[in-house]
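Read the figures in this text as sums done on the coordinates, not as results from a lab. Because the structure is predicted, anything quoted here is derived from the model rather than measured. Please note: Cβ atoms are built from the backbone with ideal geometry, for glycine as well, and neighbour counts cover all protein chains shown.
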Amino acid sequence: MTRNERTLTILQLYPRDMNIYGDWGNVLSLSRRARRHGYATRILDHNPGDEFPAEIDVLVGGGGQDSGQSVIQEDLHRIAPHLRQMVEDGTPMLAICGLYQLFGHDFTTVDGEVLQGIGVFDAHTVGGTERLIGNIVTESEEFGRIVGYENHSGLTTLGPNVQRLGTVVKGEGNNLEDDHEGARYRNVVGSYLHGSLLPKNPRISDFLIEAAARKRYGDFTPAEIDDALVAQAREVAAGRPR
């Protein structure tokens, strides 16, 4: 098999109910970035009631209203054992906002409803009365400066068995009490940053692609990609006021 024949399969989780913050842009950006690195891509969707695909290389999930999170609850727990096994096997995943919350232990809404998560992240979320909205910049030891836009009222607290994705430089992040943003466990990235996240943060895309390629094919040789326009866009986004 030559490199040009290699294909990575990207699964978008619950795009019908959890896709209100431009999350499709993450899938599109990831697919195009993978092709720049020399891989063909296949994009699949999974919605409640669907048969879960047998072979997935990257999983991407997005944000939604509390009502959308309630809609997917039963199905998410149906496929949870498979998702957790994929995580432990090293499958790369990106979980944004609503699905980031449900990848934790639980999410208690502002009305007191408790939505049980699937425990990928050692994290708990409670609904707040204030929305955290605006441009956000964080610093990550792994990915450098991460820029994006946050719009959430959920307040997430990380436990001892999970790392933060980044440290907040501008904005709020996971909650109003500490400087954490997002979460990292194995090859899974969780974050409140939309906007979409990946077009402005290609190092995260490259991480997901490399992890997927190494797991599927045993190696990864990155292409040289000119990110000059991305760098300009990042500077503009990082400089915008809250």
Cα-only Debye scattering, the chain: base-10 log of I(q)/I(0) at q = 0.08 Å⁻¹: -0.27
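For segment 3-239, calculate the relative contact order in percent as a whole number, restricting contacts to Cα pairs under 8 Å that are 6 or more residues apart.
Values: 526 pairs, mean separation 46.7, N = 237.
Relative contact order of segment 3-239: 20 percent.
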Extent of segment 30-156 along each principal axis, from alpha carbon coordinates, in Å, largest to smallest? 46, 36, 22
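Which FRET efficiency value, to the nearest 0.05, is calculated for Glu139 and Glu177 with the Förster distance at 22 angstrom and r the Cβ-Cβ distance? Walk me through the intermediate numbers first.
Numbers: r = 19 Å, r/R0 = 0.85.
So, using R0 = 22 Å, E works out to roughly 0.75.
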Compare the peptides 25-38, 128-141 by average per-residue count of other Cβ atoms within 10 angstrom and give them in order, highest first. 25-38, 128-141
Relative to the compact-globule scaling 2.2 N^0.38 Å, provide the ratio for the alpha-carbon radius of gyration of segment 9-100. 1.04
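Can you figure out the FRET efficiency of Arg203 with Glu55, using R₀ = 30 Å and their beta-carbon distance, to the nearest 0.05? Can you show the working numbers first?
Details: r = 26 Å, r/R0 = 0.87.
It comes out at approximately 0.70.
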Please figure out what share of the DSSP beta bridges in the chain is antiparallel and state it in percent, rounded to the nearest 5. 55 percent
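Taking a temperature of 25 °C and a viscosity of 0.890 mPa s, what whole-number D in µm²/s does Stokes-Einstein yield for segment 121-212 with Rh from Kirkwood over alpha carbon pairs?
Using the Kirkwood radius from Cα pairs, D works out to 186 µm²/s.
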